[in-house]
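Accompanying notes for the structure given below.
The values are calculated or read from the model by the stated rules, or taken from the named source; none is laboratory data. Remember, it's a predicted structure, so these values are computed and weren't measured experimentally. Ideal geometry is used to build each Cβ from the backbone, glycine not excepted, and the neighbour counts take in all protein chains shown. These accessible areas exclude ligands, DNA and RNA; they are computed on the full protein's heavy atoms, side chains included. Shrake-Rupley method; radii C 1.70, N 1.55, O 1.52, S 1.80 Å.
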Amino acid sequence: MHISFKPPMIDGVSPSCVFLPSLKNLQKTNGGQSYATILEFLIQQFPQISKQIWLDRIEAQKIYHEAGTLVGLDSPYAPNSKIYYYRELPYEEPIPFEEQILFQNEHLLVVDKPHFLPVTPTGRFVKQSLLVRLKQRLNCEDITPIHRLDRETAGVMLFSLQPQTRPLYQTLFQDRKVSKQYQAIAAYRDDLEFPRNYQSHMVKGQPFFTMQETEGPANSFTRIELLETRQDLSQHLARYQLYPLSGKQHQLRVHMAALGIPILNDPFYPKVQLKADNDYSAPLQLLAQRIAFVDPLTRQAVEYNSLQTLIL
């Protein structure tokens, strides 16, 4: 019986996996070109990575066959197999805010995420992502986010700890059986009446990391309530309670901006204002405050609340 090997994660970062196609598929997709060695395949398949980097990774024993043996400079190409390699990660400046674990059992992990910390690794943030931090902290490679939360947004975030039960929790979000409550600080307008329901048709925008509203049937829905207001010499602000009734990316931020009350310190809406990654002077005033649902395993109603607050 063939047992596939996977190298362990290092400092919370899992190895990358590459599938080596069959010779027949190589002929179809690669103009008939074949490869004598795995090294030759990697150099040709990843032109953005220099030959020297692959040589260095092999020399440092950072590339493995799925059988668990190390890939060498002359290891022959093995069709229909996998290899694993560790990426070289550049130094990342630590993000100086810590997550808090609100709840944990063998299946579910609930975390209070700070502002500025991305949930999953991206090009700019790998070790300084919530997922990698948690994998390192709990020494668990199976941690997987169940839903999304923007880097700029703070608050309650759910993770699965077991691949076997993960679909049960993911289905709750797909079927909209999760109640989510947010708070936001934004401008106050006395010509707007609250509570109010807002809906629009949202699509990907430009730049690519933004969303925009267009003509079309509504696909995003938000309930907005006014909690309190504060006025001083420079501005009139309010605290709002937001209930996303759908799950579009940046939905709350887009809807508030469309009403003429963009969330305080929003770097994307209504206008993109890019900041340095280490500029922590003005966090987006949006907090995923509460999440509630019937746990699919215990059949009990559960509720998790952020320990953070927004100051009006």
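Where residues in segment 189-225 are among the acidic types (Asp, Glu) and either open to solvent by less than 80 Å² (accessible area, probe 1.4 Å) or touching a residue at least 24 places away in the same chain (Cβ under 8 Å) (or both), which of them is nearest to LEU312 (Cα to Cα)?
GLU225
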Note to self: Taking the criterion of being in a strand (DSSP E or B), modelled with pLDDT of 95 or more and open to solvent by less than 30 Å² (accessible area, probe 1.4 Å), would at least one residue in segment 123-144 satisfy it?
What the structure shows: no
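Buried (at least 16 other Cβ atoms within 10 Å of the Cβ) and in contact with a Gly (Cβ under 9 Å, 6 or more places away or on another chain): does that describe GLN289?
Numbers: buried (at least 16 other Cβ atoms within 10 Å of the Cβ): yes; in contact with a Gly (Cβ under 9 Å, 6 or more places away or on another chain): yes.
Yes; evaluated as a whole, the condition is true for this residue.
Quick one: which of ARG87, ARG57 is buried (at least 18 other Cβ atoms within 10 Å of the Cβ) and either within 27 Å of the chain's Cα centre (by Cα) or not aromatic (Phe, Trp, Tyr) (or both)?
One residue alone meets the criteria, ARG57.
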Next item on the list: Just give me the residues in segment 44-54 being within 14 Å of GLU88 (Cβ to Cβ) and either assigned to a loop (DSSP other than H, G, I, E, B) or open to solvent by 50 Å² or more (accessible area, probe 1.4 Å) (or both), in sequence order.
Entry: PHE46, GLN48, ILE49, SER50, GLN52, ILE53
Notebook entry, point to check: Looking at segment 226-236, is at least one residue modelled with pLDDT of 95 or more, crowded, with 19+ Cβ neighbours inside 10 Å and assigned to a strand (DSSP E or B)?
Noted result: no
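Could you say which residue among GLN100, GLN33 is modelled with pLDDT of 90 or more and open to solvent by 40 Å² or more (accessible area, probe 1.4 Å)?
Numbers: GLN33 fails: modelled with pLDDT of 90 or more.
GLN100 is the lone residue from the list that is modelled with pLDDT of 90 or more and open to solvent by 40 Å² or more (accessible area, probe 1.4 Å).
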Checklist line | Members of segment 152-168 found to be out of contact with any Lys or Arg (no Cβ under 8 Å at 6 or more places or on another chain) and either modelled with pLDDT under 95 or closer than 22 Å to MET9 by Cβ (or both), listed by number | finding: LEU158, PHE159, LEU161, GLN162, PRO163, GLN164, THR165, ARG166
Check: So which residues in segment 151-167 are outside any loop (DSSP other than H, G, I, E, B) and within 17 Å of the chain's Cα centre (by Cα)?
Finding: ALA154, GLY155, VAL156, MET157, LEU158, PHE159, SER160, ARG166
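Can you find, within segment 168-188, the residue that is least open to solvent (accessible area, probe 1.4 Å) among those that are in a helix (DSSP H, G or I) and in contact (Cβ under 8 Å) with a residue 60 or more places away in the chain?
We begin by selecting, within segment 168-188, every residue in a helix (DSSP H, G or I); these are 168-174.
Going one step further and asking which of them are in contact (Cβ under 8 Å) with a residue 60 or more places away in the chain, we end up with 168-169, 171-173.
Values: LEU168: 76, TYR169: 4, THR171: 57, LEU172: 20, PHE173: 42 Å².
It comes out as TYR169.
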Check: Looking at segment 246-271, which of the residues that are open to solvent by 40 Å² or more (accessible area, probe 1.4 Å) and within 20 Å of the chain's Cα centre (by Cα) is farthest from VAL203 (Cα to Cα)?
Finding: GLY247
